[in-house]
């Protein structure tokens, strides 16, 4: 009897141990199934490893009805579809991200870029420039922005608006640099064309003003009249001379009437311009008739000692026209 009781006790203990082992195996099997059901984290950790702490606010960042893996897929699609150069580097300058636009621009595959620095990919001068701006972002933690020109692999010049900013971890520490470069070549071309159009408008306006300020009127065969009104400086005097000489040739003029009735004052520069005009017109075989000389202007011309011997002078425009038509 004692032996039977001892045997039953041994069997009971063995059964309890087997039940405990079965329970432990069930728990391990359930955990394995849950791990296999979770998606690959894609961060280098083995499948089934506990996901990293998403940090505060992660719940709010997850769209309603969407799983975190859906967010990752959407983000990846956005990066690939964005019509701009997107890239990220760690603190050592090694690439950890480059979108399709970046790789297409550089004519590289991801395998040519992943884990490499700019000095392993680009010429030294360009790589030095890239690294300098990266280090400024890393050391200051500030965002940098500027415009720059870059030549594509096919030799075409493009303009980019560049933005570089720090990548931070959940604690706020700078862990890398992210860059976004937007091609603004078409905008720059349109801007240049607009500036050229504005410059041409200004030039046309200046030509119109010169024509208005130095009108040349043919009043009879071989006779031209140029009435001058307002102050005359060297620039306007030179413009008047150019218009006058061109008109003499175009109209075959022999007599030119310069009317200065509307000129309030004459200084040495204007007097010299008149003498120069008479000499230039004479070289073309024509004569200058100067009209509208006011007493004060006549006095000034005498005081300046201006040599007006090459000009015919008349007091009024009417008398000057009469003289021109007689000759």
Of the residues in the range 206-246, those that are touching a helix residue (DSSP H, G or I) at 6+ places or on another chain (Cβ under 8 Å), part of a loop (DSSP other than H, G, I, E, B) and modelled with pLDDT of 85 or more number 1
Among residues of the range 78-92 being in contact (Cβ under 8 Å) with a residue 60 or more places away in the chain and closer than 15 Å to residue 134 by Cα, the residue surrounded by the most Cβ atoms within 10 Å (Cβ to Cβ) is 89
Scanning the range 270-290 for residues that are farther than 20 Å from residue 234 by Cα and either modelled with pLDDT under 80 or touching a helix residue (DSSP H, G or I) at 6+ places or on another chain (Cβ under 6 Å) (or both) gives 284, 286, 289
Scanning the range 280-327 residue by residue, those surrounded by 13 or more Cβ atoms within 10 Å (Cβ to Cβ), within 53 Å of the chain's Cα centre (by Cα) and part of a helix (DSSP H, G or I) turn out to be 280, 281
(1) out of contact with any helix residue (DSSP H, G or I) (no Cβ under 6 Å at 6 or more places or on another chain); (2) at pLDDT below 80 all hold for residue 310 apart from (1)
With the first residue restricted to the range 250-266 and required to be over 14 Å from residue 291 (Cα atoms) and assigned by TED's automatic domain parsing to the domain that holds residue 229, and the second required to be part of a strand (DSSP E or B) and modelled with pLDDT of 90 or more, Cβ contacts under 6 Å at 6 or more apart or on different chains are 253/224
Given (1) touching a strand residue (DSSP E or B) at 6+ places or on another chain (Cβ under 8 Å); (2) modelled with pLDDT of 80 or more, residue 191 misses just (1)
All-but-one check, residue 249 against (1) crowded, with 18+ Cβ neighbours inside 10 Å; (2) modelled with pLDDT of 90 or more; (3) part of a helix (DSSP H, G or I), failing number (1)
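The values are calculated or read from the model by the stated rules, or taken from the named source; none is laboratory data. Computed from a prediction, not measured in an experiment: that's the story for all the values here. Heads up, the Cβs are rebuilt from the backbone with ideal geometry, glycines too, and the neighbour counts pull from every protein chain shown.
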